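A short worksheet on the structure shown next.
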Amino acid sequence: HAKNLVAQKGFKHIETGDILRHLPKDSPAAKIIDKGKFVPNEMLFEIIENEITTSGKNDMILDGFPRNVEQAEWFVKKYATQESPYTAQVVYLSLPESIMRKRIENRVKEGGGRADDMNPEAVQERLKAFKEKTLPAVELLKHSAGIQFYEVDVSSESFETNFANVCKALNIVDIDKTKINVNIANQKRITKQH
């Protein structure tokens, strides 16, 4: 959805996971990711802040961040204050774990996805971390002053329906349907494999 929002509105896309996945394979962060774990917060704070300050744009999407309470607290303190030049909006894409697992399996079958998607133990570790670390961060963001919080159900099998719900939450009404690409998330990964 983030990539399609970028295509619609030209937002700067800061995709934390993609940035980290393109680190050298022998780097400590890459080894952590291969085990389905998260890299240290200090590293992410530096990456995020650098991306934001060098973007040259006011409208950007942080994709995959924040993922834990410490990251959420940092984000609120840094970007959801009266002094911040930004309006902090959080879109939480909500769906049951069974659908999460099905979509991960489908990504693998279609030749896309992440390297650790093929490792059932790594997938289980990611889902466990999501429940234990990310959901408490979601709750913190949901109740933080200075955050415009939107929970969007994306469990429909129709990508277009899910994307329309995301756009509706963000009050984006002028959707160019010719710019919607269902496979946009996997295109880049498939291209890089050739």
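The values are calculated or read from the model by the stated rules, or taken from the named source; none is laboratory data. From a predicted model like this one, the values you see are computed outputs, not experimental measurements. Positions of Cβ are backbone-derived with ideal geometry, glycine not excepted, and every protein chain shown enters the neighbour counts. Only protein heavy atoms, including side chains, enter the accessible area calculation; ligands, DNA and RNA are left aside. Shrake-Rupley method; radii C 1.70, N 1.55, O 1.52, S 1.80 Å.
For the reader, a short list of remarks on this structure follows.
- Any hit, the range 1-20, residues being open to solvent by 70 Å² or more (accessible area, probe 1.4 Å) and without any contact (Cβ under 8 Å) to a residue 60 or more places away in the chain: no
- One residue stands out among those in the range 27-48 that are in contact (Cβ under 8 Å) with a residue 12 or more places away in the chain, open to solvent by 60 Å² or more (accessible area, probe 1.4 Å) and part of a helix (DSSP H, G or I): the one that is farthest from P66 (Cα to Cα), which is D34.
- Where a residue in the range 72-99 is free of Cβ contacts under 8 Å to residues at least 60 places away in the same chain and its partner, wherever it lies, is outside any loop (DSSP other than H, G, I, E, B), with Cβ under 6 Å and at least six apart: W74/F45; Y79/A88; Y86/Y79
- Some residue of the range 145-161 being among the aliphatic types (A, V, I, L, M) and free of Cβ contacts under 8 Å to residues at least 60 places away in the same chain: no
- K35, sole failed condition from (1) over 17 Å from the mean Cα position of the chain (by Cα); (2) on the phi > 0 side of the Ramachandran plot: (2)
- Considering residues of the range 59-93 that are aromatic (F, W, Y) and outside any strand (DSSP E or B) only, the residue nearest to V39 (Cα to Cα): F65
- When every residue of the range 94-102 is checked against the conditions, none turns out to be part of a helix (DSSP H, G or I), at pLDDT 90 or above, surrounded by 18 or more Cβ atoms within 10 Å (Cβ to Cβ) and of a type in the set (S, T, Y).
- Applying the condition of being open to solvent by 80 Å² or more (accessible area, probe 1.4 Å) and within 21 Å of V138 (Cβ to Cβ) to the range 49-77 and asking which residue is modelled with the lowest pLDDT yields R67.
- Matching residues in the range 109-121 - criterion: being of a type in the set (G, A, S) and crowded, with 18+ Cβ neighbours inside 10 Å: G113
- Set Q82, Q89: member being open to solvent by 70 Å² or more (accessible area, probe 1.4 Å) and in contact with a strand residue (DSSP E or B) (Cβ under 6 Å, 6 or more places away or on another chain): Q89
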